[in-house]
Amino acid sequence: MLLANGVAGAGVGPSAERLAARQPGLDALVEGVSAVERDLAVHSVGLGGWPNLLGELELDAAVMDGDTRRTGAVGALRGVVSACRVALHVLRDLDHEILVGAGAARFAAEIGVVGAAGEDGLTPEARAVWWRRLSASMTEDQRAAFPDTSLLPLTGALAEPDSVRDTTVFLCRDANAGLHAATSTSGWAWKYPGRLGDAPIAGAGFYADSRFGAAACTHTGEMAIRAGTARTIVLALRLGKTLREAVDLAVEELVELETGCLGPLVIHALDARGGHRVVALRCSEPVFFWYWREGMAAPERREAEAVG
């Protein structure tokens, strides 16, 4: 079984093919996520991603093995598009769970996952959009001094070019009944440098336990971090809740938040029995996801359940 968010179309086929061939779940997921990371049409992840305020592409990614509950994650990674593949190596090659910044980039180089020519910067489209929006928000003195100027006054001046903060998330139940998760994102467009969302944070943006379930979130990561959304769902399943009840509990906790960065959030969830549920909280437009199970000719694009 495979569950992925709506912008993941380039990757669901490769992942489904590998799951159908009974390959290990994490390997299947990373192949799919890697395809999305190289899809220039997707501006929320990888090579086509929007940059931070300084015009730098900073990537976050993670994987989780639901059999062992080991995770591997990277944050604020620069110079490497295949962030999810680096996260998988963190899980398999280190005793750590997460690497960030320069350390993550160094590790990527040491394992041979490096940025090819042109991958350490932005696409021409992303650079043009970034500078056009940023320069329009600055005074003449700020433009002359940039980047040696305060970024704080600019953090609220830029609206995102896309209405959706759409982390790439993949969940699966493989041939061995293992539940696994993989995420990747370029993060919030025009974010303050160094910002981490929920995508690389276990328990917030993703969690998997093969005994009970798996969950992953997209959109407003600050909310998922505060509520521990992914872990809430899996823990509720462990305590005997149905998948519907577990997701409803997570939504209830999100709705209770009254301050801070509030916005839409989408939850993708599987349980150990093969059930799935995708809900879109406070989304002004329909949200879609991809679903595949063994025996289906191809993954299907479906509409998420609107809540809140």
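Coordinate-derived values only; no laboratory data. Note that the structure is a prediction, hence the values are computed from the model and not measured. Please note: Cβ atoms are built from the backbone with ideal geometry, for glycine as well, and neighbour counts cover all protein chains shown.
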* To do: Consider a paramagnetic label point 7 Å from the Cα of R92 along Cα→Cβ; state which residues of the stretch 45-79 have an amide N under 17 Å from it.
  => 62-74
* To do: Express in nm, to one decimal, how much length is gained between A298 and L151 on full extension, taking 0.36 nm for each residue of separation and deducting their alpha carbon distance.
  => 48.3 nm
* Cβ-based charge dipole, the chain, positive-most Cα from V86, Y192, S135 -> V86
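Please give the direction-averaged projected area of the C-alpha convex hull for the stretch 68-150, in square nanometres with one decimal.
So the Cα hull casts an average projection of 7.4 nm².
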* Asked: Relative to the longest principal axis of the chain, what angle (0 to 90°, nearest 10) does the C-alpha long axis of helix 9-20 take?
  -> 30 degrees
* Expressed as an acute angle from 0 to 90° and rounded to the nearest 10, what is the orientation of the C-alpha long axis of helix 229-238 relative to the principal long axis of the chain? -> 10 degrees
* With a point put 7 Å past each Cα toward its Cβ, work out how far A175 is from R273 in nm, to one decimal. => 2.6 nm
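Which shape class applies to the stretch 20-100: rounded if a/c is under 1.5, otherwise prolate when a/b exceeds b/c and oblate if not, where a ≥ b ≥ c are the square roots of the Cα gyration tensor eigenvalues?
Values: a/c = 3.02, a/b = 1.41, b/c = 2.14.
Oblate is the answer for the stretch 20-100, as a/c is 1.5 or above yet b/c matches or exceeds a/b.
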* Based on the Cβ-Cβ distance from E305 to A21, what FRET efficiency comes out when R0 is 41 Å, to the nearest 0.05? -> 0.85
* Would you please give the FRET efficiency between T242 and L40, computed as 1/(1 + (r/R0)^6) with r the Cβ-Cβ distance and R0 = 30 Å, to the nearest 0.05? => 0.15
* Sparsely packed chymotrypsin sites (Phe, Trp or Tyr not before Pro) within the stretch 136-233, loop by DSSP, other Cβ within 10 Å at most 14 -> none
* Asked: What residues have an amide H closer than 5 Å to that of F288, excluding those fewer than 5 places away on the same chain, when H is modeled at 1.01 Å from N in the peptide plane?
  -> G6, A304
* Take the Cβ-Cβ distance between M138 and Y192 as r, set R0 to 22 Å, and report the resulting FRET efficiency rounded to the nearest 0.05. => 0.90
* Asked: Separation between the W131 and T68 pseudo-spin-labels, each 7 Å from Cα along Cα→Cβ, expressed in nm?
  -> 4.6 nm
* 3J(HN,Hα) from dihedral phi, the stretch 21-33, Karplus parametrisation 6.51/-1.76/1.60, rounded to Hz, x for glycine, proline -> 7, 6, 6, x, x, 5, 4, 5, 5, 5, 4, x, 4
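Work out the length of the dipole vector of the stretch 3-307 about its Cα centre, built from +1 on the beta-carbon of each Lys and Arg and -1 on the beta-carbon of each Asp and Glu, and round it to the nearest 20 debye. Don't jump to the answer; show the numbers that get you there.
Working: 29 positive and 39 negative charges, 86 e Å.
Dipole about the Cα centre, nearest 20: 420 debye.
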* Structure fact -> The Cα radius of gyration of the stretch 162-308, divided by 2.2 N^0.38 Å with N its residue count, comes to 0.99
* Alpha-carbon centroids, the stretch 1-52 and the stretch 282-308: separation in whole Å -> 15 Å
* Within the stretch 1-43, report the GluC sites (Glu not before Pro) that DSSP leaves as loop and that have at most 11 other Cβ atoms within 10 Å. => none
* To the nearest 500 deg cm²/dmol, what mean residue ellipticity at 222 nm is calculated for the chain from DSSP H runs of n ≥ 4 alone, each contributing -39,500 (n - 2.57), summed and divided by the residues? -> -9000 deg cm²/dmol
* To do: Go ahead and set up a Gaussian network model of the chain, Cα springs under 10 Å, then flag whichever of G25, G48, G240 fluctuates most.
  => G240
* Counting only Cα, what are the radius of gyration and maximum Cα-Cα distance Dmax of the stretch 3-307, in Å? -> 18.5, 62
* Structure fact -> Tilt, helix 243-255 to longest principal axis of the chain (alpha-carbon atoms), in degrees rounded to tens, equals 30 degrees
* **Karplus 3J(HN,Hα) series, Hz, for the stretch 174-187 with 6.51 cos²θ - 1.76 cosθ + 1.60 (x for Gly, Pro)** => 8, 4, 9, 6, x, 9, 9, 9, 8, 9, 7, 6, 8, x
